[in-house]
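Since the structure comes first, as structure tokens, the remarks are kept for the end.
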Amino acid sequence: QVQVVESGGGLVQAGGSRRLSCAASGSIFGIKAMGWYRQAPGGQRELVAIDTSGGSTNYADSVKGRFTISRDNAKNTVYLQMNSLKPEDTASYYCRAESWVGAVYWGKGTLVTVSS
């Protein structure tokens, strides 16, 4: 059984910061990549940031320069530091973990609400 659990969501004012955490546990045969996606009300799920093997990272254009993804491989944990938050960053944020054998695991999401 594999569990992916996010934490750190909540209400924050525009211009503020928030740090999300995600921990993967269970029978994971090595994690190749961990990333964050988000889905706004009425919208589609979109990539926010991803950390692949070897420390390579990719960001959505809308968050470049404001969000930073980091990863603790020993703990199977990934973080998302979000700065200069905007109301349009309001969404449920989902963590995704992909193993080296191709299995993909999703968390249930954590809601971030940015007030103007």
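The values are calculated or read from the model by the stated rules, or taken from the named source; none is laboratory data. What you are looking at is a predicted structure, and each value in this text was computed from that prediction instead of being measured. As a convention, Cβ positions derive from the backbone with ideal geometry for all residues, glycine included, and neighbour counts pool all protein chains shown. The protein model used for the area step is the full one, side chains on, heavy atoms only, and it has no ligands, DNA or RNA in it. Shrake-Rupley method; radii C 1.70, N 1.55, O 1.52, S 1.80 Å.
Brief remarks follow.
- Residue count, the stretch 26-35 (criterion: small (Gly, Ala, Ser), open to solvent by 60 Å² or more (accessible area, probe 1.4 Å) and touching a residue at least 40 places away in the same chain (Cβ under 8 Å)): 0
- In the stretch 88-116, residue farthest from residue 31 (Cα to Cα) [restricted to those that are open to solvent by 30 Å² or more (accessible area, probe 1.4 Å) and of a type in the set (D, E, K, R)]: 88
- In the stretch 1-24, the qualifying residues are those that are without any contact (Cβ under 8 Å) to a residue 60 or more places away in the chain and open to solvent by less than 60 Å² (accessible area, probe 1.4 Å), and the one that is nearest to the chain's Cα centre (by Cα) is 21.
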